[in-house]
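Written out below as structure tokens is the structure these notes cover.
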Protein chains: 4
Amino acid sequence: RQLHYSALMLFMSVSMRSMASKTPVGFVGLGNMGSPMAKNLLKNGYPVIATDVFPESCKELQETGAQVVDSPAEVAEKADRIITMLPSSPNVKEVYTGPNGILKKVKKGTLLIDSSTIDPAVSKEMAIAAEKMGAVFMDAPVSGGVGAANMAKLTFMVGGVEEEYHAAQELLTCMGANVVYCGQVGTGQAAKICNNMLLAIGMIGTAETMNLGIRLGLDPKLLAKILNMSSGRCWSSDTYNPVPGVMEGVPSANNYQGGFGTTLMAKDLGLAQTTATNTKTPIPLGSLAHQIFRVMCSRGYANKDFSSVFQFLREEEGQ
Amino acid sequence: RQLHYSALMLFMSVSMRSMASKTPVGFVGLGNMGSPMAKNLLKNGYPVIATDVFPESCKELQETGAQVVDSPAEVAEKADRIITMLPSSPNVKEVYTGPNGILKKVKKGTLLIDSSTIDPAVSKEMAIAAEKMGAVFMDAPVSGGVGAANMAKLTFMVGGVEEEYHAAQELLTCMGANVVYCGQVGTGQAAKICNNMLLAIGMIGTAETMNLGIRLGLDPKLLAKILNMSSGRCWSSDTYNPVPGVMEGVPSANNYQGGFGTTLMAKDLGLAQTTATNTKTPIPLGSLAHQIFRVMCSRGYANKDFSSVFQFLREEEGQ
Amino acid sequence: RQLHYSALMLFMSVSMRSMASKTPVGFVGLGNMGSPMAKNLLKNGYPVIATDVFPESCKELQETGAQVVDSPAEVAEKADRIITMLPSSPNVKEVYTGPNGILKKVKKGTLLIDSSTIDPAVSKEMAIAAEKMGAVFMDAPVSGGVGAANMAKLTFMVGGVEEEYHAAQELLTCMGANVVYCGQVGTGQAAKICNNMLLAIGMIGTAETMNLGIRLGLDPKLLAKILNMSSGRCWSSDTYNPVPGVMEGVPSANNYQGGFGTTLMAKDLGLAQTTATNTKTPIPLGSLAHQIFRVMCSRGYANKDFSSVFQFLREEEGQ
Amino acid sequence: RQLHYSALMLFMSVSMRSMASKTPVGFVGLGNMGSPMAKNLLKNGYPVIATDVFPESCKELQETGAQVVDSPAEVAEKADRIITMLPSSPNVKEVYTGPNGILKKVKKGTLLIDSSTIDPAVSKEMAIAAEKMGAVFMDAPVSGGVGAANMAKLTFMVGGVEEEYHAAQELLTCMGANVVYCGQVGTGQAAKICNNMLLAIGMIGTAETMNLGIRLGLDPKLLAKILNMSSGRCWSSDTYNPVPGVMEGVPSANNYQGGFGTTLMAKDLGLAQTTATNTKTPIPLGSLAHQIFRVMCSRGYANKDFSSVFQFLREEEGQ
């Protein structure tokens, strides 16, 4: 479906939005990621009007200076720029289109930025629903974990109408180091899903390759060096090597603690799988990578960094 | 099995080898790769004593100044440094241990360098057989194609006793730009097989990912740029992108002509598969990559560059 | 979510439904499958009140004696037993919960039977929505194609409250040879999806195995015979062998015409994939089977019987 | 390579072999399978002349009445019908062509039957080597485990020249219930490898399918029943169901004890992989099945029955 809102009407709506940069920003979703993101807005001088289903999360942010309200609808009454950061597609649907959702009370011209990682088809649905209310919806999922969120070093991949990109960028740069415009609504999600799928494939591939090389008598550091100067080079081999002893400062050097959990990677691959199924796109390696991380979740690796696939694949027979 | 040859005896044998650098070098296997390699030795002032099963190949090299003889055994009689460049394991076995093979006439202390890409287990067998005759066998497979062979820009990955590495290096640098010592006999093959397996996985992964992103509405150049600044980055995304229009000077910009043929990649993945099976190493993605390139060979992609997997996976239903 | 409708209220609703067996039956969806199914109800003496988005389909059924109305809502006004047969989940949602949908006008106690093959999660949603209106929803997907639909030889896999199963069975036996009760709502879909996933795996497995055996020198008929008396036996090897010349009366004997199209199998595997992703169930082979049929759809096999995977995998290099 | 031995010469050699049925039979390889097989020959009145590398195995058979000698060569001096039952290809090469191997002393016209499960390419090599000595080599791998060996209930799949099949059959029927002629040398191995590959695919497919169905709310017994009356039916679903509680008398009913160990299945899939690689045959599911059983061997399932793949795939997140 095309978005029908004409450029003119959009311009008019936008002109109704408060242009002064330090008017309040709404924030829905104060979890591990959302909470530090909201704090970074506060640090940058933006008043924040926030809500979350967990009262403790609200209370913590309140103590940092945010105004807490009872529902996404109430946030929408009080702010014309709103950021949402939620765990999954159903939460996003609820927060936007549920009985106390943002769209129940949203003001014309409001800018809605969703930083959740969800199915791009849901982003498009939300954009259409928002447009009907005269608001503008953009998807802006992040890469980078809790650490990057704390230090305002996230990368945002942004999809939505280009005219609104600069308005979104103003807020996102308070919370991240890189903001990339990807195209129409949903392409932010698409970019994130694509990157993580290729990352997953590269990581399992690196783990298999390092394991095979070691068994064939190669020293792991030397093998990594050879790969990294050759056509096998990838981020997983040269920046985040999964073999203990090859690099320092990566999860493989710390018993696969920290980093990006296998269960989160499995979730993102589930999104890749679903979008691929819906668009009839074959992803043989992406699909198998999904299955491998899914099995790992069942075998005790759910909360280890996803580079622990090296450990999963290598244990010796009889041990 | 350990190689039992003592360092002392090795030293003595080696001292019997002619040390003057411009004594003749033997060369067996004058195909698309071997022929330009031998010519580069001639260019560097080495007399070359060569043989091949195809008389035309011999004749062509003879016209460039090489001495042609009738069999590998005869090469071994006349040269104490011999390079072999052959299509597959059975050819290597025949050339070394067959009735007219090198080992029938090899002189003590001869340095044997095999640049074929074969099963490392066969390299080890040859090394043991050579050692029994008092000769030294090293594996030194190459990366880089016919163009790199012509321009002496190959990369050699070398396995074998470290004491001999410098002697090998002297010759290999005439034919290549990089020479890497990998460890004991067979590790040159191991390094090459490992690199190409990870390359194959990265290429298919990149093709799937780019295809999925395009279907989700992303511009391919923009998607490549995002991947290359993120954790999805790999050689296939940043140096050899398989999507037409993303990069210049790569096979995808030229209808997948030139480059590294699918059938050659399938062969290398067959070696990866066999070594993994023999060492009981799980390689789920490597194995699936092997199958995909194998199917492509049956579907008309055998002689296209292996990055044509993008084309193989993307064609639309009904077209 | 549990279905909260109490057994008592259910009983009361049901008693309001006309018990005389030859009162009208509603039918929504008169495609290749729905049309012969509706005709079989007519043949069994049931008045049929039908609708479809395509006027020609309606007209054809009208000529066979059905009453045609304008919308699913109107069908619901006039019949208290309704069967739906639709292509996919979004159509089912529209027909039940859309602005002119069944649930807009459904009478209390109406029995709703959906024979579409869709995501069981959507079946559950529809059941909950129906329950709110005092109606009963059952899923009853079929196996068997157009031929079986014509001859009333379909198999129905039925999910829903057990008390209603006999009422459903009365109608389904007019259209099918086997009716199997599977459990709560959605389990009919689950059973169909599971069967087709295992079928897909068995078919590709049989194709690979027969191809490998033939290349190793085995006569295909003899190999099929050996498999069928051994532990490799499966429906694809003993009833629907994919190798031309092994059996008569199957699509492989007729250039893969007829039978069950690759594109339909890819659709069902897409459902399997989605339910597996949503329930975090690893299905490595099912997932790869999905990808293989998806690639086949892109390579010209979309409308051939799915056993043509034998042909897809076997063509020789260079042909 | 064709076998060049002419029918006439073959007839002459064969006529030199002792035709009286109760002349001695040689037996090499007295392991878990070979020992009961040799005993069954003794029970049927055949004098047995045996050898093995393990003295205890020899001693045990000696006590049952066999004559034990020191080497395969010595067996060949004393018997003109010899059966071999060995763990893998290298053992077969050693026993036939090694320094004390059968072919060092084999008499013209001797019938050599190898019941090991090995690469069919090695069977062909042995046949050519045997033919040079005027002997006849057949491959006759078995299906059925130690129990079937004890009860003379094995199935033999036999490859080799058809004229010799009846002579082989005479002996094999003492040890097995079914003897199937498969064609030229190597086809016995091919048939066994093919059957076990399809079995492996069917088993993993059944495990995935049952697991998915259970998670979707189906009762496992009911699901098995539905599959078994539908197109998903296979030996693993109807005879050897991997889900505890569905069937009695199978390994899944006994904590996956007994049956056919995962490590043995992984070995057979390794042979399938190698023959497929060598014949350039794509086996995507067979290859993935190989990888899955290989990973299971590393994760503690090596000695459980291969149907334990159900358990491997199903364990819940967080358990």
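What the table below lists for this structure:
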read-out	value
First in region C:48-77 and assigned by TED's automatic domain parsing to the domain that holds C:Asp114, second anywhere and part of a helix (DSSP H, G or I) and among the β-branched types (Val, Ile, Thr), Cβ under 7 Å, 6 or more apart	C:Ile49/C:Val75; C:Thr51/C:Val75; C:Val69/C:Val75; C:Pro72/C:Val95; C:Pro72/C:Ile102; C:Ala73/C:Ile102; C:Val75/C:Ile102; C:Ala76/C:Ile102
Criterion (more than 7 Å from every other protein chain (Cβ to nearest Cβ), in contact with a Phe, Trp or Tyr (Cβ under 7 Å, 6 or more places away or on another chain) and modelled with pLDDT under 95) met by exactly one of A:Phe260, A:Phe293	A:Phe260
Lone qualifier among B:Gln273, B:Gln257 - being in contact (Cβ under 8 Å) with a residue 24 or more places away in the chain and either over 22 Å from A:Tyr240 (Cβ atoms) or out of contact with any Lys or Arg (no Cβ under 8 Å at 6 or more places or on another chain) (or both)	B:Gln257
Odd one out for A:Val309, checked against (1) facing another protein chain (nearest Cβ under 7 Å); (2) over 20 Å from A:Asn32 (Cβ atoms)	(1)
Hits in region C:263-290 - residues which are in a helix (DSSP H, G or I), among the hydrophobic types (A, V, I, L, M, F, W, C) and within 11 Å of chain A (Cβ to nearest Cβ)	C:Ala266, C:Leu269, C:Leu271, C:Ala272, C:Ala276, C:Leu285, C:Leu288, C:Ala289
Close pairs (7 angstrom Cβ cut-off, 6 or more residues apart or separate chains): within 14 Å of another protein chain (Cβ to nearest Cβ) and buried (at least 18 other Cβ atoms within 10 Å of the Cβ) in region A:156-170, assigned to a strand (DSSP E or B) and of a type in the set (Gly, Ala, Ser) anywhere	A:Phe156/A:Gly176; A:Gly159/A:Gly183
Check on B:Ala272, modelled with pLDDT of 95 or more and in contact with a helix residue (DSSP H, G or I) (Cβ under 7 Å, 6 or more places away or on another chain)	yes
Residue in region D:49-60 that is surrounded by the most Cβ atoms within 10 Å (Cβ to Cβ), counting only those that are within 21 Å of D:Leu154 (Cβ to Cβ) and of a type in the set (D, E, K, R)	D:Asp52
Residues of region A:164-186 that turn out to be farther than 14 Å from A:Ala127 by Cβ and among the acidic types (Asp, Glu), as a count	1
Selected residue (criterion: surrounded by the fewest Cβ atoms within 10 Å (Cβ to Cβ)) from residues of region B:24-48 that are part of a loop (DSSP other than H, G, I, E, B) and of a type in the set (A, V, I, L, M, F, W, C)	B:Met33
Number of the condition not met by C:Lys225 [criteria: (1) closer than 21 Å to D:Gly144 by Cβ; (2) assigned to a helix (DSSP H, G or I); (3) touching a helix residue (DSSP H, G or I) at 6+ places or on another chain (Cβ under 8 Å)]	(3)
Answer residue from region B:209-236, given it is more than 7 Å from chain A (Cβ to nearest Cβ) and either at pLDDT 95 or above or farther than 18 Å from A:Val142 by Cα (or both) and is surrounded by the most Cβ atoms within 10 Å (Cβ to Cβ) among those	B:Ser236
Members of region B:239-262 that are assigned to a helix (DSSP H, G or I) and within 18 Å of B:Leu313 (Cβ to Cβ)	B:Pro251, B:Ser252, B:Thr262
Positions within region A:159-198 being among the charged types (D, E, K, R) and closer than 25 Å to A:Phe306 by Cα, in sequence order	A:Lys192
Some residue of region B:199-208 being assigned to a helix (DSSP H, G or I), facing chain A (nearest Cβ under 7 Å), of a type in the set (Gly, Ala, Ser) and buried (at least 21 other Cβ atoms within 10 Å of the Cβ)	yes
Which listed residue is touching a Cys at 6+ places or on another chain (Cβ under 6 Å) and closer than 22 Å to C:Gln273 by Cα, from C:Gly159, C:Gly144	C:Gly159
Selected residue (only one of B:Ala191, B:Ala177 is of a type in the set (Gly, Ala, Ser), in a strand (DSSP E or B), at negative phi and out of contact with any Phe, Trp or Tyr (no Cβ under 6 Å at 6 or more places or on another chain))	B:Ala177
Scan of region A:172-195 for residues that are touching a residue at least 60 places away in the same chain (Cβ under 8 Å), hydrophobic (A, V, I, L, M, F, W, C) and either within 14 Å of chain B (Cβ to nearest Cβ) or surrounded by fewer than 24 Cβ atoms within 10 Å (Cβ to Cβ) (or both), ordered by number	A:Cys174, A:Val185, A:Ala190, A:Ile193, A:Cys194
Residue that is crowded, with 24+ Cβ neighbours inside 10 Å and under 28 Å from A:Asp305 (Cβ atoms), where the choices are A:Ala140, A:Ala135, A:Ala130	A:Ala140
Neighbours by Cβ (under 7 Å, 6+ apart or cross-chain): first from region A:298-319, surrounded by 16 or more Cβ atoms within 10 Å (Cβ to Cβ); second at pLDDT below 95 and acidic (Asp, Glu)	A:Ser298/D:Glu315; A:Ser298/D:Glu316; A:Ser298/D:Glu317; A:Arg299/D:Glu315; A:Ala302/D:Glu317
Residue match in region A:253-275 (condition: under 28 Å from B:Thr239 (Cα atoms), more than 23 Å from the chain's Cα centre (by Cα) and of a type in the set (A, V, I, L, M, F, W, C))	no
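The values are calculated or read from the model by the stated rules, or taken from the named source; none is laboratory data. Note that the structure is a prediction, hence the values are computed from the model and not measured. Every residue, glycine among them, receives a Cβ derived from its backbone with ideal geometry; neighbour counts consider all protein chains shown.
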